[in-house]
Amino acid sequence: MNAVLQGVLAFVQTWWVELLCAVLIVLVVPLIAGYIVLVELKVMADMQARLGPMRVGPHGLLQPIADAVKLLIKEDLIPDNADQFIFWFAPVLSMTAALTSMGAIAFGPWFQVARDINIGLLFVVGVSALGPFGIVLGGWASNNHYSIIGAIRSTAQLISYETTAGFALVSGFLLAGTLKVSDIVQAQYAGHVWYVFLTPVGFFTYLIASIAETNRAPFDLPEAESELVAGYMTEYSGFRWSLYFLAEYANMIVVGAVGTTLFLGGWLRPFPHVAWLGWVDALPALLLAAVGVYCVMRAGKQPARVQAMFMWVVALLCIVVALIFGLVEVAHASNFAALQASHSFLLLRSMYPGLYGAFWFLLKVSAYIYIFMWLRFTLPRFRFDQLMRLGWHILIPLSLVNVISVGVGLALESSLGWNRWPAMILTSIATLFVGMLLIRWNDKHAAAASASIAADNSQVEDSYAG
Amino acid sequence: MLDSIVFYFFAGIAVLSAALMVTRRNAIHSAVFLITTLLSTAGIFLQLRAEFLFIGQIILYVGGIMVLFIFVIMLVRLDVPLPQIRSRARQWVACIVALVVFLEAAFIVWMSQKVPGQGLLVLRAAPAEKLPPNTEDLGKSLFGAYLLPFEIASILLLVAMIGAVVMGKKRTDAP
Amino acid sequence: MADESKAPQSPESPKPAAPGPSAAPPAAGAPASLATKPVAPAAAASPPVQVPLDNELSRRYRERFGAAILDALEDRKQAILVVEALQFREVARYSRDAEKFDLLEDFTAVDWPRREKRFDLVAQLYSFPNNTRLRLKCALRAEEQADSLFSVWPAANWLEREIFDMYGIVFRGHPELKRILLPDEWQGHPLRKDYDILQQDTAWVRENLGIESGQ
Amino acid sequence: MNDLANTIDDRTPQRPDTLLGADELVINMGPQHPSTHGVLRVKLKLDGERVIGSECVIGYLHRGVEKIAENRSYQQFAPYVDRMDYVAAVSNGLGYCEAVEKLLMVEAPPRARVIRTILTELQRIASHLLWLGTHALDIGALTPLFYCMREREEILKIFEKYCGARLTTHAFRIGGLQYEAYDTLEKDVERFCRGFEARIQEYSDLLTGNSIWLGRTRNVGLLKAEDCIALGASGPVLRASGVKWDLRKAMPYAAYDQYKFEIPVGANGDTYDRYLVRIEEMRQSRLICLQAIENIPAGPIMARVGKVLKPPPGEVYHAIEAPKGILGYYIVSDGGTQPYRVRIRPPSFINLQALDKMIRGHLVTDVVAIIGTPDIVLGEVDR
């Protein structure tokens, strides 16, 4: 018994960072997802000339918590003819896949669970590919036409677009020469460039494919409410439904993180080599301090005491975090010999990469997710055949060509001794050209196809005699 | 110690869900248990530090093949029970085949332990820290030493895919 | 106008529900006016609202259909042709083909319960080339079937179903004559004058809605 | 929503195990489907995902308006017509009031007619805005709905200031108007119209050139001009099919003969053309409003009609160009205080007939896009 205890202790001692990260992911991601929903509501409201949630807490800040409570205490319905076991199992599977795949993502140089796993991003991609099971099984188990059509659409869509996403990632991997997350970021640091500039086509194909993979508008056909009510989630309610919901948002974080790591320089700050741009490091501290001051200013104007108190708490929190950021930054930037020996100074200094890395990484992921929201509120929805045509006729060939052109560019670099930049620009232009050809060709076919539908329509026997 | 706990955990799940998979009536349930079996096998690969094999197992078998399985199960009516094999003789044959396979495996394991270094299988695990990252090695040997078989396999798959497309394509001229 | 003598003399009784001027329309006047009578000269200065229609159009119709055109009127400057029920569809087809009344704007019925021919079918036609309207009417006895206009204007499909629903008039040659607004099992035809406004199919309501009464 | 996916044929198996290999699938859209715009139920007969037949089941909102009319006096019935096409109540009221005026052989004074025209055109804009928003929502664009609601709100505020009601306005009276135009009516209308051009441009920017929108609406729900006429479809549906015809021009009523405006027409008669026609109609309505407020004649707002209306016996049919199409009233009088028969020719009801023709051969997904285009209001379809 003692041996077991000691084994556990030794285990914890060796792996405490990873364990902490894992616990944090499981605990914090649902909260973050809830607040992403709030941000989405607010962004949507802003784009639609409204205010969005304003009732629960100041500016609706407590809305996600109220939503969570509502979902948790809702009656848990299982339809009579549903397959009980699968109905229970499916949302759990979705959520598990989403959370597990976060294990290999590096939210900054420190914050990563599966640190030295040398398949790196492949792990993320592979495990998050388990998500569709949750959707397809849930749709099947609900025993409802809309659910099953939603599930089948969803699976078909995921399979189609995962290919594109995979090819896009391959083009990034080729440039980095490794699969390991931290090495990819290091490669971008060493190469002085984010890969989005070396292979823009790769990034944009990944962006589109990742929107489709997370079932977001304009690719949200599996849950198109005007057609399929809520798709595979139609019969779900309460806690199970919230699991699906969380999984969707967690998946957004995952694809955002993968895109950020591979194409947007991971946790690197913009222009990490340019010394005179060092002042951007002061941004997070200033930003947080500004939020804190704003909260203090607004606190007096809150209608209720509770709300004012809440504002004070938020302000305090912001200012404390801002102080931490500021201290760390000062410690990092300053070179006082007198302080070098101080233990706390060194501690602060050592916190710099973790803290700032996480900040920049999350900022980039947020920007990535913001694009998702922006597109969602701007674009109408595709029809299923159009979605498939876009996937198979344009994106897959384009991303395949992109892989080849990145390979050619690297070959130019390694065998002909070209610089990386001209090689990549040349091949990118070639890829873009191919892409334009593809789109033109496809437009022609699409027009022909829809014209044939129209012709069919006129041939369908008239319901009346002339 | 930890290694063996992890191993028995995954192995137990694998065996249990394999048994459940065979005994379920509902095809979807079987598929779900097959998925768990494959996943726990993948877990064992990971524990053996065969990371690429692990992710290959997940992406190919779980993410690819099983999705297709479930697709087919959902699209094809399985309400109608298939004519079950009820003959006694066949049950006996099945049992004997299973027994033979089991004995064969046991024999090989026994042999390999008895003659270290000569058997096909070395059960002594290499210490984890001495294992090199094997993803690069796998890639290098696939595109180096085994390039020809790899390309042949690729062409075979390509041919199979084209064949499937041709067969699946709707013939517009057909009646 | 010689044909008018053949028209059925159907003196119309005043509507029981209408209070007041029920005695106003004298039954004598115009013989074949199926709808309403020209206003009595009692209406002093105002010109008569219904006058016989005698223009190119009505002459063409009379030439073509003779006795089947029972009457041609103008009411508040709107042209009305009253047609023999059996010839209704033919007149409609002729209107569409020869007179270019290509749009069936509306098709409905009016119930005159005291009259021998109880129902009026009323079709509003519109001509895009000429920018004119024409109203075709025909009268039907209570149980008489009408010819469906579906083969002339497909638009008549739902309109006839509605007439069937509300008045119980059956159309010969309609592809799918069933109720459209009321439930299929409903009893009674609400727009008939003998169907009181408070009346309803209580049995249906009780059975299908689970409440005692819809009122 | 529990029976949404029920197959109509009860004999089909409960478990949806099969989707392939089924030769014909009958599915039910509505009456509580989110995109059927009310309680419309459409039975779709499908071959795979392709629609091979359909049947509309309507009447869920039937209130017997025509029967009610026979038991109310002429003035008492006027508020009821607001409840038919409840998103274009002003237009309904205009049609009814003018029909009764024709029956009475009186004419509203010029001032009343101009004010009627202004309010009716504003109502047309409001109705088209609501249509645009919900139609875009059906196709998956969330944002236009809110923009449209924002502008519609301004129109409803003008209505509220004029007569105290926003939705079911009962703005007009038989013989003219009850209320004199409030002081700032012209200014409000002008402010709205001046700002509205940019707003329409905003919708156009969001949708007109959007390739997804084009893909979803072009060549979808085709209706040829001769089919339109044969099926009685009118309004923007007819114009989108290329028939340059508008009752406001063909048989002017109210004060439309005084104003210059264009009749927008489409080329193909598909969903996209109907969208363009409605957008352009909003622009034209705006121009009419601007012309009308330039010069509102002075004078009385009410013609001389008695307190008790007793139209001379006879009948009249009067139709106006409502936002949805031809809205006709056929009123028979027996000389009494109550109409003997009021027949309402509802544009939505007759346009809905063309739905079957439009959706045949299309995918189920397109049905959602097509149901919105005739711009039906179930309150008017069922009456």
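The values are calculated or read from the model by the stated rules, or taken from the named source; none is laboratory data. Only a predicted model underlies this, so the values are computations on that prediction, with no experimental measurement involved. Cβ: placed from backbone, ideal geometry, glycine included. Neighbour counts: every protein chain shown. The protein model used for the area step is the full one, side chains on, heavy atoms only, and it has no ligands, DNA or RNA in it. Shrake-Rupley method; radii C 1.70, N 1.55, O 1.52, S 1.80 Å.
For every residue, the table says whether it meets (1) open to solvent by less than 50 Å² (accessible area, probe 1.4 Å); (2) not aliphatic (A, V, I, L, M).
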| site | (1), (2) |
| --- | --- |
| A:VAL274 | yes, no |
| A:VAL280 | yes, no |
| A:LEU288 | yes, no |
| A:GLY292 | yes, yes |
| A:ALA299 | yes, no |
| A:GLN302 | yes, yes |
| A:CYS318 | yes, yes |
| A:VAL321 | no, no |
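Filter the range A:399-416 for residues that are under 18 Å from A:PHE204 (Cα atoms) and touching a Ser or Thr at 6+ places or on another chain (Cβ under 6 Å) and give the result.
The answer is A:SER399, A:VAL401, A:ASN402, A:VAL403, A:SER405, A:VAL406.
Quick test for you: out of C:VAL83, C:VAL110, pick the one residue that is under 26 Å from C:LEU182 (Cβ atoms) and open to solvent by less than 20 Å² (accessible area, probe 1.4 Å).
Values: C:VAL83 fails: under 26 Å from C:LEU182 (Cβ atoms).
Sole residue among the options that is under 26 Å from C:LEU182 (Cβ atoms) and open to solvent by less than 20 Å² (accessible area, probe 1.4 Å): C:VAL110.
Hey, among A:TYR232, A:TYR236, A:TYR244, A:TYR249, which residue is out of contact with any Cys (no Cβ under 7 Å at 6 or more places or on another chain) and part of a loop (DSSP other than H, G, I, E, B)?
Working: A:TYR232 fails: part of a loop (DSSP other than H, G, I, E, B); A:TYR244 fails: part of a loop (DSSP other than H, G, I, E, B); A:TYR249 fails: part of a loop (DSSP other than H, G, I, E, B).
The unique qualifying residue is A:TYR236.
Among the residues of the range D:69-97 satisfying the criterion of being open to solvent by 30 Å² or more (accessible area, probe 1.4 Å) and over 13 Å from the mean Cα position of the chain (by Cα), which is nearest to D:LEU352 (Cα to Cα)? So that I can check it myself, show each step before the final result.
Initial filter on the range D:69-97 (open to solvent by 30 Å² or more (accessible area, probe 1.4 Å)): D:71-72, D:75-76, D:79-80, D:83, D:86.
Now narrow it down to the ones that are over 13 Å from the mean Cα position of the chain (by Cα): D:71-72, D:75-76, D:79-80.
Details: D:ASN71: 29, D:ARG72: 29, D:GLN75: 30, D:GLN76: 29, D:PRO79: 25, D:TYR80: 22 Å.
So, considering only residues that are open to solvent by 30 Å² or more (accessible area, probe 1.4 Å) and over 13 Å from the mean Cα position of the chain (by Cα), the one nearest to D:LEU352 (Cα to Cα) is D:TYR80.
Tell me which strands (runs of 3 or more DSSP E) are completely within the range D:281-383 and hold 1 or more residues being modelled with pLDDT of 85 or more, open to solvent by 10 Å² or more (accessible area, probe 1.4 Å) and within 11 Å of another protein chain (Cβ to nearest Cβ), or say none if there are none. Explain how you work it out, then say what you get.
Details: elements: D:314-322, D:325-333, D:341-345.
In the range D:281-383, D:314-322 are the strands (runs of 3 or more DSSP E) which contain 1 or more residues that are modelled with pLDDT of 85 or more, open to solvent by 10 Å² or more (accessible area, probe 1.4 Å) and within 11 Å of another protein chain (Cβ to nearest Cβ).
Name the residues in the range D:132-169 that are of a type in the set (Gly, Ala, Ser) and within 13 Å of another protein chain (Cβ to nearest Cβ), would you?
Scanning the range D:132-169 gives D:GLY133, D:ALA136, D:GLY140, D:ALA141.
Is it fair to say A:GLN13 is loosely packed, with under 13 Cβ neighbours inside 10 Å and polar (S, T, N, Q)?
Numbers: loosely packed, with under 13 Cβ neighbours inside 10 Å: yes; polar (S, T, N, Q): yes.
When the stated conditions are applied, A:GLN13 passes them.
Could you figure out which of (1) away from every other protein chain (no Cβ under 14 Å); (2) not in a helix (DSSP H, G or I) isn't true of D:GLY221?
Here D:GLY221 clears every test but (1).
From the list A:LEU61, A:LEU51, A:LEU93, which one is away from chain D (no Cβ under 14 Å) and over 21 Å from the mean Cα position of the chain (by Cα)?
Working: A:LEU51 fails: away from chain D (no Cβ under 14 Å); A:LEU93 fails: over 21 Å from the mean Cα position of the chain (by Cα).
That would be A:LEU61, the only listed residue that is away from chain D (no Cβ under 14 Å) and over 21 Å from the mean Cα position of the chain (by Cα).
Scan the range D:123-164 for residues that are of a type in the set (Phe, Trp, Tyr), open to solvent by less than 10 Å² (accessible area, probe 1.4 Å) and either in contact with a Pro (Cβ under 6 Å, 6 or more places away or on another chain) or more than 16 Å from D:ILE376 (Cα to Cα) (or both) and report the count.
1
Restricting to the range A:68-93, what's the tally of residues that are open to solvent by less than 50 Å² (accessible area, probe 1.4 Å) and either not β-branched (Val, Ile, Thr) or not in a helix (DSSP H, G or I) (or both)?
Looking only at the range A:68-93, we keep the residues that are open to solvent by less than 50 Å² (accessible area, probe 1.4 Å), and these are A:68, A:71, A:79, A:82-83, A:86-87, A:89-91, A:93.
Filter once more, so that each one left must be either not β-branched (Val, Ile, Thr) or not in a helix (DSSP H, G or I) (or both): A:68, A:71, A:79, A:82-83, A:87, A:89-91, A:93.
Residues meeting the conditions: 10.
Report, by residue number, each residue of the range A:110-125 that is open to solvent by less than 20 Å² (accessible area, probe 1.4 Å), more than 7 Å from chain B (Cβ to nearest Cβ) and at pLDDT below 75.
Passing the criteria: only A:GLN112.
Kindly evaluate C:ARG114 against the criterion of being touching a residue at least 60 places away in the same chain (Cβ under 8 Å), within 13 Å of chain D (Cβ to nearest Cβ) and on the phi < 0 side of the Ramachandran plot.
Yes: the conditions hold for C:ARG114.
Taking the range D:228-266, which residues are among the hydrophobic types (A, V, I, L, M, F, W, C), open to solvent by 10 Å² or more (accessible area, probe 1.4 Å) and touching a Gly at 6+ places or on another chain (Cβ under 6 Å)?
D:VAL265 - this is the single residue of the range D:228-266 that is among the hydrophobic types (A, V, I, L, M, F, W, C), open to solvent by 10 Å² or more (accessible area, probe 1.4 Å) and touching a Gly at 6+ places or on another chain (Cβ under 6 Å).
I'd like to check something: does the range C:135-145 contain any residue that is facing chain D (nearest Cβ under 10 Å) and either without any contact (Cβ under 8 Å) to a residue 60 or more places away in the chain or closer than 26 Å to D:ILE326 by Cβ (or both)? Give the derivation first.
Applying the first criterion (facing chain D (nearest Cβ under 10 Å)) to the range C:135-145 yields C:135, C:137.
Filter once more, so that each one left must be either without any contact (Cβ under 8 Å) to a residue 60 or more places away in the chain or closer than 26 Å to D:ILE326 by Cβ (or both): C:135, C:137.
Yes: the range C:135-145 contains one or more residues that are facing chain D (nearest Cβ under 10 Å) and either without any contact (Cβ under 8 Å) to a residue 60 or more places away in the chain or closer than 26 Å to D:ILE326 by Cβ (or both).
Please go through the range A:146-156 and pick out each residue that is in contact (Cβ under 8 Å) with a residue 60 or more places away in the chain and open to solvent by 10 Å² or more (accessible area, probe 1.4 Å).
A:TYR146, A:ILE149, A:ARG153, A:ALA156
Can you name the number of the only condition in (1) buried (at least 18 other Cβ atoms within 10 Å of the Cβ); (2) within 30 Å of A:GLY231 (Cβ to Cβ); (3) modelled with pLDDT of 85 or more; (4) of a type in the set (S, T, N, Q) that A:SER366 fails?
It is condition (1) that A:SER366 fails.
Checking D:TYR80 against (1) in a helix (DSSP H, G or I); (2) touching a strand residue (DSSP E or B) at 6+ places or on another chain (Cβ under 7 Å); (3) not acidic (Asp, Glu), only one condition comes out false. Which one?
So the condition that D:TYR80 fails would be (2).
Quick one: would you say C:PHE101 is touching a strand residue (DSSP E or B) at 6+ places or on another chain (Cβ under 6 Å), part of a strand (DSSP E or B) and buried (at least 24 other Cβ atoms within 10 Å of the Cβ)? Don't jump to the end; show me each part of the working.
Working: touching a strand residue (DSSP E or B) at 6+ places or on another chain (Cβ under 6 Å): yes; part of a strand (DSSP E or B): no; buried (at least 24 other Cβ atoms within 10 Å of the Cβ): yes.
Judged against the criteria, C:PHE101 is not a match.
When both residues are 6+ apart or on different chains and their Cβ atoms are under 8 Å apart, which pairs have a first residue that lies in the range A:202-223 and is within 14 Å of A:ARG381 (Cα to Cα), and a second that is of a type in the set (Phe, Trp, Tyr) and part of a loop (DSSP other than H, G, I, E, B)?
Close Cβ pairs (under 8 Å, with a partner that is of a type in the set (Phe, Trp, Tyr) and part of a loop (DSSP other than H, G, I, E, B)) amount to A:ILE211/A:PHE219; A:ALA212/A:PHE219; A:PRO218/A:PHE382; A:PHE219/A:PHE382; A:LEU221/A:PHE382.
Going by what's in this entry, would A:ILE159 be described as within 14 Å of chain D (Cβ to nearest Cβ) and either over 25 Å from A:LEU24 (Cα atoms) or open to solvent by 10 Å² or more (accessible area, probe 1.4 Å) (or both)?
Details: within 14 Å of chain D (Cβ to nearest Cβ): no; either over 25 Å from A:LEU24 (Cα atoms) or open to solvent by 10 Å² or more (accessible area, probe 1.4 Å) (or both): yes.
It is false that A:ILE159 is within 14 Å of chain D (Cβ to nearest Cβ) and either over 25 Å from A:LEU24 (Cα atoms) or open to solvent by 10 Å² or more (accessible area, probe 1.4 Å) (or both).
Within the range C:106-147, work out how many residues are under 19 Å from C:ARG89 (Cα atoms), in a strand (DSSP E or B) and over 14 Å from the mean Cα position of the chain (by Cα).
3
Is one or more of the residues making up the range C:201-215 crowded, with 17+ Cβ neighbours inside 10 Å and under 21 Å from D:ARG341 (Cα atoms)?
no
Out of the residues in the range A:133-145 that are of a type outside the set (Phe, Trp, Tyr), open to solvent by less than 10 Å² (accessible area, probe 1.4 Å) and under 22 Å from the mean Cα position of the chain (by Cα), state the one that is farthest from the other protein chains (Cβ to nearest Cβ).
Of the residues in the range A:133-145, the ones of a type outside the set (Phe, Trp, Tyr) are A:134-139, A:141-145.
Add one more test, that the residue is open to solvent by less than 10 Å² (accessible area, probe 1.4 Å), and what stays is A:134, A:136-139, A:141-142.
Among the residues that remain, those that are also under 22 Å from the mean Cα position of the chain (by Cα) are: A:134, A:136.
Numbers: A:GLY134: 11, A:VAL136: 6 Å.
Among those residues, the one meeting the criterion is A:GLY134.
Quick grid of which residues meet (1) within 9 Å of chain A (Cβ to nearest Cβ); (2) out of contact with any Lys or Arg (no Cβ under 8 Å at 6 or more places or on another chain); (3) among the small types (Gly, Ala, Ser); (4) free of Cβ contacts under 8 Å to residues at least 24 places away in the same chain:
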site	(1), (2), (3), (4)
D:PHE192	no, yes, no, no
D:SER204	no, yes, yes, no
D:GLY209	no, yes, yes, yes
D:ARG216	yes, no, no, no
D:ALA225	no, yes, yes, no
